[in-house]
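Engineer: Structure incoming, see below.
The values are calculated or read from the model by the stated rules, or taken from the named source; none is laboratory data. Fair warning: this is a prediction, and the values are worked out from it, not measured in the lab. Please note: Cβ atoms are built from the backbone with ideal geometry, for glycine as well, and neighbour counts cover all protein chains shown.
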Amino acid sequence: MSNTDTRKTEGSRRRVDVIVVGAGFAGMYATYRFREMGKSVVGVEAAGDVGGVWYWNRYPGARCDLMSVDYSYGFSEEIQQEWTWSEQFASQEEILAYANFVADRLDLRKHYNFNTRVVSAVWDDAARLWRATTDSGETLEAPFCIMSTGPLSIPKDPDIAGIDRFKGQLLRAQKWPHTPVSFEGKRVGVIGTGSTGIQIIQTVGRQAVELFVFQRTPSFTLPMRNHKLEPDYVAEMKRHYPAMREAMRNNPTGGTRPATSRPYFSLPPSQRLQAMEQAWINGGHTFLGSFADLLTNQEANDQVADFVREKIGEIVKDPKVAEALKPRGYPIFARRPCLDTEYYETYNLPNVHLVDVASDPIVEITEKGIRTQSGETELDILIFATGYDALTGALLAFDVVGRNGRTLKEKWKSGARSHLGIMIEGFPNLFATGGPNGPAALANLITIAEHDVDWIADMITYMEANGLATVEPTPEAEEAWMKLVVSLAERSLIRKANTWWVGANVKGKPQGLTMFLGGFHKYRELCAAAAQDRSSQFVFDRARESAAA
Ligand code: NAP
């Protein structure tokens, strides 16, 4: 079949070489990469177009808190030369425009079925292929299936009674309308003070007549200090892109932020303070690059947290509000650190009100607004910025059935297990990009996507060159990877906060840190080593009766 033939044929079966689920940055690159290998590829995407999380998250103030030159593809010198970023931290509009530019430039859309969901993906061991059925009634068959479903793609409503009763406008950050929303003259409520809520609050607080922030857990947020990029800087960047991408591949964050090996207490107190002041002035995630042990040394972490709490106290004029905004009870950076633009200053505006729902809990959502224990707040618009069923949510949102009829839900009932975050024992020829137990939430997702897709492409090339039909990790290799993931997690302060990083935000979800904390550079090395050690880490199947490679 032609590698461009991806027409939707309802109720039909279609056989291709590779199925790619998702048209975010990972899915787009996978589609391109496999097409360039001469494969027929069909992509399935629930959204109406490319962009993944950036397609859906059109809320006011949406912006990436990784630097734009980092958070972009490195696989094509042409693309990085042709595209010019306008700001240090790009807005959602600009990132989505970039995704569209890439899709046009590489002619990717023709491979995709948009507005379409996979409802099940089932491995047929006899035929040695994945059968993915979509909600359009089509069944796609392919020997290889790539899950580029994203670590943050299943939105989560708050567990509050009465959501359906609200008669005003209810908006979800992660499914924001495509038409403009006016806050002028409106009383607006926001639930959620993570990265999403902070961006909404600092923006809507300057537009609405009244803004009520229903805060359960304050986040630590640091100044983003965003700015326009000067043409000279952009030109310099473009000259050095190849070297920069190489440096990113060897960096723990998969970005350009310099890493340090300097422990916090290696400096005398005055120099530590100076380093923190400088990090505050520089903005971005420079704090994390200032000391090596902020996530392993509780005492160092406490001192940095105190420094940020002091800053909050200096900015927020009302001492009671300042106190309520100061995060306590969990280590700084154990929740995903947020970057903001005058977030704390927003609370000095007379129209912005902090409702501390830790001390005055939400009882229910009513027809008119929100009722806390102390009374009802009437609202015209209510915004949920309440996060995601992250990391595993999208892979468990439909039936994925592996060898011998075993479902992924069953395999992962006590927590997500995988080898390298890419492959899963018992699920041959199924690959995830940015999957659970990889470095997904802790490093640049585009760098990870490019790495994972290249790794998968190398594996498929190797299989084809050696006449191998199927691959899956051995139970021992998966177990060894999981032991490493857990042992790294045990040393980190991250497990001390109740966040989506540990699955604590979803009722009934198995708790645990399903992320590789060793840094992207180390992850890359370990993936390369696994690829070298193929015969002991993976089971290949040449013929149904043979299991050895
Ligand atoms: P999140 O970090 O999980 O935050 C969800 C918020 O909703 C929390 O403050 C949570 O409070 C609150 N919440 C949930 N249920 C509630 C309830 N019943 N009552 C009161 N509050 C409730 O989700 P997110 O802000 O969408 O961020 C998710 C991730 O997306 C980020 O960590 C980041 O990786 C990514 N992101 C990045 C950017 C960026 O690049 N700038 C922007 C947005 C998102 P509790 O903590 O008390 O549960």
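Engineer: Would you be able to tell me the number of residues in the stretch 428-444 that are in contact with a helix residue (DSSP H, G or I) (Cβ under 7 Å, 6 or more places away or on another chain) and either of a type in the set (A, V, I, L, M) or within 17 Å of Ala121 (Cα to Cα) (or both)?
Structural biologist: 6
Engineer: Take Ala47 and decide whether it is away from the ligand (no atom under 16 Å from the Cβ), over 30 Å from Gly283 (Cα atoms), of a type in the set (Gly, Ala, Ser) and out of contact with any strand residue (DSSP E or B) (no Cβ under 8 Å at 6 or more places or on another chain).
Structural biologist: Numbers: away from the ligand (no atom under 16 Å from the Cβ): yes; over 30 Å from Gly283 (Cα atoms): yes; of a type in the set (Gly, Ala, Ser): yes; out of contact with any strand residue (DSSP E or B) (no Cβ under 8 Å at 6 or more places or on another chain): yes.
For Ala47, the condition - away from the ligand (no atom under 16 Å from the Cβ), over 30 Å from Gly283 (Cα atoms), of a type in the set (Gly, Ala, Ser) and out of contact with any strand residue (DSSP E or B) (no Cβ under 8 Å at 6 or more places or on another chain) - is met.
Engineer: Quick one: would you say Asp135 is acidic (Asp, Glu), within 15 Å of the ligand (Cβ to nearest atom) and within 26 Å of the chain's Cα centre (by Cα)?
Structural biologist: Details: acidic (Asp, Glu): yes; within 15 Å of the ligand (Cβ to nearest atom): no; within 26 Å of the chain's Cα centre (by Cα): yes.
No: the conditions fail for Asp135.
Engineer: Starting from residues that are away from the ligand (no atom under 16 Å from the Cβ) and out of contact with any strand residue (DSSP E or B) (no Cβ under 9 Å at 6 or more places or on another chain), keep the ones in the stretch 157-186 and report whichever is farthest from Asn115 (Cα to Cα). First the steps, then the outcome.
Structural biologist: First pass over the stretch 157-186, keeping only residues away from the ligand (no atom under 16 Å from the Cβ): 167-169, 177-186.
Still in the list and also out of contact with any strand residue (DSSP E or B) (no Cβ under 9 Å at 6 or more places or on another chain): 167, 178-180, 182, 184-185.
Numbers: Lys167: 28, His178: 15, Thr179: 18, Pro180: 22, Ser182: 27, Glu184: 32, Gly185: 35 Å.
This residue is Gly185.
Engineer: Does the stretch 430-445 contain any residue that is in contact with a Leu (Cβ under 8 Å, 6 or more places away or on another chain), assigned to a strand (DSSP E or B) and modelled with pLDDT of 95 or more?
Structural biologist: yes
Engineer: Within the stretch 283-335, how many residues turn out to be farther than 22 Å from Val502 by Cβ, free of Cβ contacts under 8 Å to residues at least 40 places away in the same chain and in a loop (DSSP other than H, G, I, E, B)?
Structural biologist: Within the stretch 283-335, residues that are farther than 22 Å from Val502 by Cβ, free of Cβ contacts under 8 Å to residues at least 40 places away in the same chain and in a loop (DSSP other than H, G, I, E, B) number 8.
Engineer: Shifting gears a bit: Just the residues that are within 16 Å of the ligand (Cβ to nearest atom) and either of a type outside the set (A, V, I, L, M) or more than 22 Å from the chain's Cα centre (by Cα) (or both), please, taken from the stretch 377-418.
Structural biologist: Residues of the stretch 377-418 that are within 16 Å of the ligand (Cβ to nearest atom), as a first pass: 377, 379, 382-394.
Hits for the stretch 377-418 are Thr377, Leu379, Leu382, Phe384, Thr386, Gly387, Tyr388, Asp389, Thr392, Gly393.
Engineer: A follow-up question, please. Do you know which residues across the stretch 334-343 are more than 10 Å from the ligand (Cβ to nearest atom) and surrounded by 22 or more Cβ atoms within 10 Å (Cβ to Cβ)?
Structural biologist: First pass over the stretch 334-343, keeping only residues more than 10 Å from the ligand (Cβ to nearest atom): 334, 341-343.
Selection gives Ala334, Tyr343.
Engineer: A further question on this structure: If a residue must be within 12 Å of the ligand (Cβ to nearest atom), within 31 Å of the chain's Cα centre (by Cα) and not in a strand (DSSP E or B), how many such residues does the stretch 355-376 contain?
Structural biologist: 3
Engineer: Only one residue in Leu96, Leu152 is within 16 Å of the ligand (Cβ to nearest atom), under 27 Å from the mean Cα position of the chain (by Cα) and part of a loop (DSSP other than H, G, I, E, B), so which one is that?
Structural biologist: Working: Leu96 fails: part of a loop (DSSP other than H, G, I, E, B).
Step by step, each of Leu96, Leu152 is checked, and only Leu152 is within 16 Å of the ligand (Cβ to nearest atom), under 27 Å from the mean Cα position of the chain (by Cα) and part of a loop (DSSP other than H, G, I, E, B).
Engineer: Can you name the number of the only condition in (1) within 14 Å of the ligand (Cβ to nearest atom); (2) closer than 25 Å to Phe89 by Cα; (3) touching a strand residue (DSSP E or B) at 6+ places or on another chain (Cβ under 8 Å) that Gly189 fails?
Structural biologist: (2)
Engineer: A follow-up question, please. Please verify whether Val69 is of a type in the set (Val, Ile, Thr), under 17 Å from the mean Cα position of the chain (by Cα) and part of a loop (DSSP other than H, G, I, E, B), treating the condition exactly as stated. Can you show your working first?
Structural biologist: Working: of a type in the set (Val, Ile, Thr): yes; under 17 Å from the mean Cα position of the chain (by Cα): no; part of a loop (DSSP other than H, G, I, E, B): yes.
For Val69, the condition - of a type in the set (Val, Ile, Thr), under 17 Å from the mean Cα position of the chain (by Cα) and part of a loop (DSSP other than H, G, I, E, B) - is not met.
Engineer: Within the stretch 377-389, restricting attention to residues that are touching a helix residue (DSSP H, G or I) at 6+ places or on another chain (Cβ under 7 Å) and outside any loop (DSSP other than H, G, I, E, B), which residue is surrounded by the most Cβ atoms within 10 Å (Cβ to Cβ)? Break it down stepwise before answering.
Structural biologist: Going through the stretch 377-389, the residues touching a helix residue (DSSP H, G or I) at 6+ places or on another chain (Cβ under 7 Å) turn out to be 383-385, 387-388.
Now drop any that are not outside any loop (DSSP other than H, G, I, E, B), which leaves 383-384, 388.
Working: Ile383: 28, Phe384: 23, Tyr388: 21.
If we take residues in the stretch 377-389 being touching a helix residue (DSSP H, G or I) at 6+ places or on another chain (Cβ under 7 Å) and outside any loop (DSSP other than H, G, I, E, B), then Ile383 is surrounded by the most Cβ atoms within 10 Å (Cβ to Cβ).
For every residue, the table says whether it meets (1) part of a helix (DSSP H, G or I); (2) surrounded by fewer than 20 Cβ atoms within 10 Å (Cβ to Cβ); (3) within 16 Å of the ligand (Cβ to nearest atom); (4) among the β-branched types (Val, Ile, Thr).
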residue	(1), (2), (3), (4)
Ala208	no, no, no, no
Phe214	no, no, yes, no
Ser219	no, no, yes, no
Leu222	no, no, yes, no
Asp232	yes, yes, no, no
Ala235	yes, yes, no, no
Lys238	yes, yes, no, no
Met244	yes, yes, no, no
Arg257	no, yes, yes, no
